[in-house]
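Following: one structure in structure tokens, then a few remarks.
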Amino acid sequence: MNYRAALTDRTIPILTLLLLYFPLSLVGLIFHEEGHGLLALTQGGTFTGIIITREGSYAFANSYLVSIGGWIGEYVLLIIVLALSWILKPRGFLARSVVAMLVLLESIDQPGYIASLQGDSAATLQVLEATGIGHGTSVAILESTALVLFLVAAYVSWRVFRQYFSQSFPWITRRKASLAAISFVAAGEVFILVANFYAVILSPVVQIAIFAAILVGLSLVAIPPAPPDLAARRDGRPSIPTVVFVALLFVEVQLVFLFVLPITIPFP
């Protein structure tokens, strides 16, 4: 195996994609909390701001249906990303990676959170029960909703990543791109779903292990090597400035998490 070619053609692009997970998860988090607040305001409630801590994030908001506002906020972000992607058709590696990762995060995370019956989901369960719906029926409504949204999310994410892998690794066939997309989306689904049910997966050691497994599995197994005679087609990989920018962004987010949080963002 030509390890240098494997590194530059496959490992570095996949690594760059994975490093975007942490910065972009903060974008979704802000939309989630702002969704709580804006829904509260539309219902005549109160919203004074949000706070982001290492243990989680919270909106200083209050209204009858405030618990579902976070999901609405993240689905709004998902719709915006899909619409802009369809209109602008980004060609650069960084733009395509941001779109793909945001689609995965914003589509898969919500069904997992709903199905967990924790946090906002538990509060929504109480709202359903307060209307006179029985506990069992309320649980069934939430779990059924989560299942439908999860299946839709899996399909949409697969379509997005199939195109993403085809553009990022131009030498692979459509079938290989489809299989790589299935592998990556499935791994993302497992990670996000387990994270919603078991806090242990948030351990840095576990996250690093999963990160490494996905990196190796995708870059050295799911994505085939480029044929030596097709060097000119290796045009989907990121430039050096792009890799450096994403790496620095990742480091900055980690430093903020370790040394700056908690952060309070007031709502004007």
- Task: Identify, from the list THR11, THR48, the residue that is assigned to a helix (DSSP H, G or I) and among the β-branched types (Val, Ile, Thr).
- Result: THR11
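Residues checked against (1) modelled with pLDDT of 95 or more; (2) in contact with a strand residue (DSSP E or B) (Cβ under 6 Å, 6 or more places away or on another chain); (3) β-branched (Val, Ile, Thr):
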site	(1), (2), (3)
ARG54	no, no, no
SER63	no, no, no
LEU78	yes, no, no
PRO90	no, no, no
PHE93	no, no, no
LEU102	yes, no, no
TYR113	no, no, no
THR124	yes, no, yes
- Query: What do you reckon, is ALA59 in a helix (DSSP H, G or I), in contact with a Gly (Cβ under 7 Å, 6 or more places away or on another chain) and among the hydrophobic types (A, V, I, L, M, F, W, C)?
  - Reply: no
- Item | Leading residue by the ranking (nearest to THR124 (Cα to Cα)) among those in segment 30-75 that are crowded, with 18+ Cβ neighbours inside 10 Å and polar (S, T, N, Q) | SER67
- Item | Tabulated pairs, segment 89-102, first farther than 15 Å from GLU74 by Cα and in a helix (DSSP H, G or I), second modelled with pLDDT under 95 and among the basic types (Lys, Arg), C-beta under 9 angstrom, 6+ apart or interchain | PHE93/ARG237
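The values are calculated or read from the model by the stated rules, or taken from the named source; none is laboratory data. Just so we're clear, the structure is a prediction, and the values are computed from it rather than from any experiment. Because the Cβ atoms are built from the backbone with ideal geometry, glycine has one as well, and the counts that use them run over all protein chains shown.
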